[in-house]
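Here's the structure we're looking at; comments come further down.
The values are calculated or read from the model by the stated rules, or taken from the named source; none is laboratory data. As the structure is a computational prediction, the values presented were derived from the model and not from experiment. Ideal geometry is used to build each Cβ from the backbone, glycine not excepted, and the neighbour counts take in all protein chains shown.
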Amino acid sequence: MPQPDDLQELQYQADLDHLLARLRRWSDHPTNWQPLSRTQALVHRALEQSKTILNRAERPLVVATFGGTGTGKSSLTNALAGETITATGRERPTTRRPVLVLHESMQPETLDLPLDDMLVLRSNANQLQDFALLDCPDPDTSEDDQPGENLAILRAMLPYCDVLLYTTTQQKYRSHRILEELGSAAEGVRLLFVQTHAGVDADIREDWQTQLSSEYEVPEVFFIDSVAALKQQREGKPLDDEFRRLMETLEEELSHRGRGRVRQSNLLNLLQSAVGEGQQRLNAALPAVEAVDVAMSEQQQRVTVAMTSRLQNELINSRALWERRLLTAVTERWGASPFSAMLRIYSGLGNLIASMTFMRARNTAQMALVGAVQGARWLHSRQEESEAQQRTERAIGSGIDDDLLMESRFVISESIGRAELDRQALIGDTAESMQQSAGRMAEDFLDYARDRIEEIISQLAERNSSWFVRIRYELAFGIYLLFVILRIGSNFFWESFLRPIISSANAAPLLGVDFYIAAGVILLIWSAILVTMFTRRLRNGLTSKIKTLADELARKKLPHTLFPKVRSATDDARKQTEELGQIQYEIGELQMSVHKPSLLGAKRTAVKVPTAE
């Protein structure tokens, strides 16, 4: 039956595989954004180095000494080995070639190290059974060698190291050069901090720990005398407390059981450092990308405003046609009533007058001629509507002139350069693609405007044919009609017929033609007044809606943009930055899942990782 530790290890391996696959996909994602490309290169290097750590998972740990000249690295190596196996010296650099110290039972080939570049020495010290010691050259001197040679050798050895024994003295612990080199060396390794020369130097551990704590986790600093410890081992005397604690820490932390924890921590710290550094780079570069989006929105707004202005002018110039469409829609919703009949007569007044010419026709030829004229008038009306539609489309297209497009292209090109986006890939050398994008943008604008105009006509027709509006106009028109009907009825039935029968009064004469002419004229005038008031109401509503539509269109975000490739690139930049942040959080969670208390230090990650509840 699997043990809990085995299941936990399986879960860790599964989570790690998922994390590495996600990082590879992210680093292989094609991009036109240079900061992202550079960050991908950084992550690629971290992934390559992680392969080295994974390949060495079951091999003994490599513990390297690191520190300035005269800080006792070689003396510490001798003390840990329990015998003098490397040359020591306080003033001159005594280690110019890496020295690898192995237990007699350990095979050098199993460590996968560049053995040709180092001196391999053997030791029978029991404490070296679980790890190999690597005494590295000093990073702060290159005496008798070409400048930088020792530093180059040191940097070549660091990728093979799992733990650094960082040594310093009272004189060296503030060395800026050593601290700067430590910043690079500490990526993906665990650290043990050791102050040497305890027999002659003052204890500066507290100050040193304070100095390092902003960038490194420093759980413990050891204060030892390597020369005295080596002498005690030779003489078989008990070790002093500090050196004994250092030996116990190495035995506990670097044992076969602790080997996996160290490499897990190193791998995750390496990935977290690379991803954290990349996240900082992308976050620093992202405001310039946001500025590109702002510039694109501003330029698209300018183009949209230009198209909106042309559309508004064309709609106002063609307002009579839209009014006729609106009046027709109103009468269709109004239904049958006296006032709606007057609206229909007004709407079809031209056709009505033309149809009256049929009454003057004396033969079939004249009627055919009149019919042809009437058909021509109908075709002309439809042609006017079609031309109005075409003028609207041309007005929208002409709103995007070449000067405006070239100015927008120049502005976006400058923003792209500042954001370090690939100008050539995104906007090219010619404006042809931009003109095509502008054409698609105009089509989107026209489609939306056409739909909104239909909606506006429908809304205005619905509003102006409501029961409240109908009652007002029908009542105003019906009162006069009722008066005329009652007057005629009273005269015909009562005054000239019934009243003389009932009261023997003289019959009143029937109303004459003068009355009907006057009543008809007043009816026409009253109808004209009401129709004029109603059409003015329609006109004012239509004008108001046109202005509202113009404001709406000016703010409308269209599906197509002037720079679709640029928009896609900026969206992708944000998406990849967000994705890297999620990966960073995933690494932090994985770090917490394998975290155990330890006296080994490490470089702090670029961001705060999740903490245990």
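Observations on the model:
- Residues considered: Leu254, Leu239. Of these, the only one that is within 30 Å of Val163 (Cβ to Cβ) and touching a strand residue (DSSP E or B) at 6+ places or on another chain (Cβ under 6 Å) is Leu254.
- Wholly within the range 118-227, helices (runs of 4 or more DSSP H) carrying at least 1 residues that are among the small types (Gly, Ala, Ser) and free of Cβ contacts under 8 Å to residues at least 40 places away in the same chain: 149-157, 176-185
- Residues within the range 511-532 that are in a helix (DSSP H, G or I) and either without any contact (Cβ under 8 Å) to a residue 40 or more places away in the chain or of a type in the set (Gly, Ala, Ser) (or both), tallied: 15
Residues checked against (1) modelled with pLDDT under 90; (2) under 27 Å from Gln127 (Cβ atoms); (3) over 48 Å from the mean Cα position of the chain (by Cα); (4) surrounded by fewer than 20 Cβ atoms within 10 Å (Cβ to Cβ):
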{"site": "Ala228", "(1), (2), (3), (4)": "no, yes, yes, yes"}
{"site": "Asp241", "(1), (2), (3), (4)": "no, yes, yes, yes"}
{"site": "His256", "(1), (2), (3), (4)": "yes, yes, no, yes"}
{"site": "Leu282", "(1), (2), (3), (4)": "no, no, no, no"}
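- Condition broken by Arg45, with the remaining ones in (1) free of Cβ contacts under 8 Å to residues at least 60 places away in the same chain; (2) surrounded by fewer than 22 Cβ atoms within 10 Å (Cβ to Cβ) satisfied: (1)
- If you go through the range 471-492 and pick out every residue that is surrounded by 13 or more Cβ atoms within 10 Å (Cβ to Cβ) and either closer than 30 Å to Met533 by Cα or touching a Phe, Trp or Tyr at 6+ places or on another chain (Cβ under 8 Å) (or both), you end up with 11.
- Filter result (more than 41 Å from the chain's Cα centre (by Cα) and not aliphatic (A, V, I, L, M)) within the range 302-327: Asn317, Ser318, Arg319, Trp322, Glu323, Arg324, Arg325
- Helices (runs of 4 or more DSSP H) within the range 415-494 that include 3 or more residues without any contact (Cβ under 8 Å) to a residue 60 or more places away in the chain and of a type in the set (D, E, K, R): 432-464
- Hits in the range 493-524 - residues which are surrounded by 14 or more Cβ atoms within 10 Å (Cβ to Cβ) and under 26 Å from Ala476 (Cβ atoms): Leu511, Phe515, Ala519, Leu523
- The requirement of being surrounded by fewer than 12 Cβ atoms within 10 Å (Cβ to Cβ), out of contact with any strand residue (DSSP E or B) (no Cβ under 7 Å at 6 or more places or on another chain), part of a loop (DSSP other than H, G, I, E, B) and at pLDDT 80 or above is fulfilled nowhere in the range 546-564; no residue meets it.
- Helices (runs of 4 or more DSSP H) within the range 236-347 that include 1 or more residues closer than 30 Å to Ala528 by Cα and out of contact with any Ser or Thr (no Cβ under 6 Å at 6 or more places or on another chain): 256-317, 319-334, 338-347
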